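Please treat every number below as a calculation from the coordinates, not as lab data. As the structure is a computational prediction, the values presented were derived from the model and not from experiment. Cβ atoms come from the backbone with ideal geometry, glycine included; neighbour counts cover every protein chain shown.
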Amino acid sequence: MPRTSEQLEKIKEQTRMKILESALELFALKGFHGSSMQEIAKKAGVSKGLAYNYFNSKEEILKEILNDAKKAGGLIMTQVFEEEDNFKQVQLLIEATFEHIAAGETYWRMFSSLMLQPNVVESFDFVDEFGTNLVELTTKMFKRMGIKNAKTEALLLDASIDGIILHYLFFKDKYPLQRVKKELIKKYSKEELLKKTDQ
């Protein structure tokens with residue numbers, strides 16, 4: 001019995017996702033330059049030719065992975081800023097970021113690897129753009145709270161999160177992620193942040 005158009009579309013989407021997930025794992029494990037389309041196709045369980053039917057190059061695959069991450073990051077920020085209380089916003093941002101770290105370890109391993117490959121990162125404006133936008137948004141959030149040196153505070157929060165991600169990836173199960181999360185939330189509680197305001 002021939003497949004319906006809906007079934008065919010579902011199969012295509014499943015194959016596309018297999019290719020993306022396989023590439024993500026390989027980029028995280030071997031680095032972008034250390035991975036080939038042949039390896040990506042083999043890991044995905046498809047032929048190299050079929051992989052090229054979906055993506056013209058591994059650069060296009062990486063771009064797709066980063067675009068998906070950008071959408072996820074945008075969704076997190078939308079949810080954060082739906083909250084009107086600025087002090088609660090920073091708590092939500094930390095909570096959402098930690099959830100994302102725990103759920104997307106492979107992505108963060110790849111992303112961290114990319115950050116150490118400037119020649120790759122420079123080809124994708126998204127990496128710098130997303131980081132800059134995040135700092136700008138948190139700077140505005142801290143300004144609305146009346147925080148002195150809001151930009152510096154935003155950079156410190158960003159650096160804290162980046163450092164936590166790296167430590168978690170390096171130490172894995174030995175790293176007390178939940179305890180660190182609890183302490184970071186405490187550090188950015190309303191009570192602590194008010195100490196940094198002009199109020």
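Overview of results
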{"item": "Centroid-to-centroid separation of the range 1-79 and the range 178-199 [C-alpha atoms, Å]", "result": "39 Å"}
{"item": "Sites Ser112 and Leu8, calculated FRET efficiency, Cβ-Cβ separation with R0 35 Å, nearest 0.05", "result": "0.40"}
{"item": "Three-way shape call for the chain based on the alpha-carbon gyration tensor, with the a/c threshold at 1.5", "result": "prolate"}
{"item": "Helix 150-171 vs. the chain, principal-axis angle (Cα, 0 to 90°, nearest 10)", "result": "50 degrees"}
{"item": "Sparse-neighbourhood loop sites, trypsin sites (Lys or Arg not before Pro) in the range 1-97 - DSSP loop, at most 11 other Cβ within 10 angstrom", "result": "Arg3"}
{"item": "Where labels lie 7 Å past Cα in the beta-carbon direction, separation of Glu105 and Gln79 in nm", "result": "2.1 nm"}
{"item": "FRET E, pair Lys70, Leu194, Förster distance 35 Å, beta-carbon r, rounded to 0.05", "result": "0.60"}
{"item": "Principal-axis tilt of helix 105-115 within the chain, Cα atoms, nearest 10 degrees", "result": "80 degrees"}
{"item": "With 10 Å bins from 0: P(r) over the range 1-56, alpha-carbon pairs, percent", "result": "25, 47, 20, 7, 1"}
